[in-house]
Amino acid sequence: MRRVVFNQKGGVGKSSIAVNLAAASAKAGLKTLLIDLDVQGNSTHYIVGERSEPLPGVEDFFQNQLSLYSREPIDALIHQSAYDNLSVMPSGRGLLELEHKLESRYKMYKLKEALAELMSGFDRIYLDTPPALNFFSRSAMIAADRVVVPFDCDTFSKQALYQLTETVEEIKADHNPELILEAIIPNQVPARAKLPKQLIDDLKADSLPVSKTTLSSSVVMRESHEKAKPLVYLSPKHRLTQEFEALFQELESTK
Ligand SMILES: Nc1ncnc2c1ncn2[C@@H]1O[C@H](COP(=O)(O)OP(=O)(O)OP(=O)(O)O)[C@@H](O)[C@H]1O
Ligand SMILES: [Mg+2]
């Protein structure tokens, strides 16, 4: 299964959700790969921490697609993390410079081809995307079979969600008939506020696939990022960790 976490809005929890679902998957015994397609590299840092030398990864993969001759094997771009069953294909700083060349040379299917090959070595692949509908997020939605969308329970975000569902439908129709909008995941939901609950009910009333599990807000998330330790390893008993595990189980049970 290839799950992409996407929302064109920034700061809604894409990287946090991609990494923590991937970690829950690895902890459940599934061989899991996280691919970081965002030039910011937040999920790469979240899993491997700060490094003086960047690891080869997504940037090298796309650079190779522009050359007919120097195609290193993709295995060299995938790194086992400090956690069992969890590997990462890191982001790279040069991604944005590559974007225009990749687009003008029609390389949007290259990631899909690579993932089809990689699926023999992994049970689950998670893709983290940038906060934009660009070459990389489109490539990810062409390569994946499920999209999950973090939702920050904001009125403007609700309007943007309807556009996003149209984008997913268009990619499905034009490029990837397998693609399913699997879940909209309410993130950082305050315990008692009325507006978020109303917004979530509105989405459900419009038949959008809102996850049953919602994620609360906690400072443990920042600590988890800072220590480069996903929640299932940092704080297994924490409420937010248990919500992530419940979310993982919920997604896995709707095959
Ligand atoms: N459930 C949560 N509780 C507390 N903080 C959270 C939670 N989810 C995300 N955050 C915080 O919100 C910020 C944005 O999260 P994150 O980086 O995952 O979002 P993003 O959508 O990937 O952002 P970008 O669009 O920039 O890639 C981070 O500082 C993160 O620690
Ligand atoms: Mg991010």
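The values are calculated or read from the model by the stated rules, or taken from the named source; none is laboratory data. Because the structure is a prediction, the values reported are computed rather than measured. Glycine gets a Cβ as well: all are built from the backbone with ideal geometry, and neighbour counts include every protein chain shown. Accessible surface areas use protein heavy atoms only, side chains included; no ligands, DNA or RNA. Shrake-Rupley method; radii C 1.70, N 1.55, O 1.52, S 1.80 Å.
Could you check region 141-228 for helices (runs of 4 or more DSSP H) lying wholly inside it with 2 or more residues that are more than 12 Å from ligand 1 (Cβ to nearest atom)?
155-174, 194-205
Kindly indicate whether any position in region 73-88 is within 16 Å of ligand 2 (Cβ to nearest atom), touching a residue at least 40 places away in the same chain (Cβ under 8 Å) and not in a loop (DSSP other than H, G, I, E, B).
yes
Name the pairs whose Cβ atoms lie under 7 Å apart, with the first residue in region 214-228 and more than 25 Å from residue 51 (Cβ to Cβ) and touching a residue at least 60 places away in the same chain (Cβ under 8 Å), the second part of a loop (DSSP other than H, G, I, E, B) and open to solvent by 20 Å² or more (accessible area, probe 1.4 Å), and 6 or more positions between them or separate chains?
Cβ pairs passing all conditions: 215/188; 215/189.
Among 43, 91, which is the only one that is within 16 Å of ligand 2 (Cβ to nearest atom), part of a helix (DSSP H, G or I), closer than 23 Å to residue 25 by Cα and touching an Asp or Glu at 6+ places or on another chain (Cβ under 6 Å)?
Matching residue, one of 43, 91: 43.
Go through (1) crowded, with 16+ Cβ neighbours inside 10 Å; (2) at positive phi; (3) not aliphatic (A, V, I, L, M) one by one and return the number of the condition residue 49 breaks.
If we test residue 49 against (1) crowded, with 16+ Cβ neighbours inside 10 Å; (2) at positive phi; (3) not aliphatic (A, V, I, L, M), just (1) comes out false.
Considering only residues that are assigned to a loop (DSSP other than H, G, I, E, B) and either closer than 18 Å to residue 117 by Cβ or of a type in the set (Phe, Trp, Tyr) (or both), which ones fall in region 48-66?
If the condition is that a residue be assigned to a loop (DSSP other than H, G, I, E, B) and either closer than 18 Å to residue 117 by Cβ or of a type in the set (Phe, Trp, Tyr) (or both), then 56, 57 are the ones that fit.
Determine the pairs where a residue that is under 21 Å from residue 169 (Cβ atoms), located within region 190-209, has a partner that is open to solvent by 50 Å² or more (accessible area, probe 1.4 Å) with Cβ atoms under 9 Å apart, the partner being 6 or more residues away or on another chain.
These pairs meet every condition: 206/162; 208/162; 209/180; 209/254.
Out of region 21-40, which residues are in contact (Cβ under 8 Å) with a residue 60 or more places away in the chain and assigned to a loop (DSSP other than H, G, I, E, B)?
28, 30, 31, 37, 38, 39, 40
Is one or more of the residues making up region 204-212 among the polar types (S, T, N, Q), under 20 Å from residue 87 (Cα atoms) and within 21 Å of the chain's Cα centre (by Cα)?
No: zero hits.
Considering only residues that are under 9 Å from the mean Cα position of the chain (by Cα) and not hydrophobic (A, V, I, L, M, F, W, C), look in region 7-24 and name the one that is farthest from ligand 2 (Cβ to nearest atom).
Among those residues, the one meeting the criterion is 16.
Filter region 8-44 down to the residues that are open to solvent by less than 10 Å² (accessible area, probe 1.4 Å) and of a type in the set (S, T, N, Q) and list them by number.
Within region 8-44, 20, 25, 32, 43 meet the criteria.
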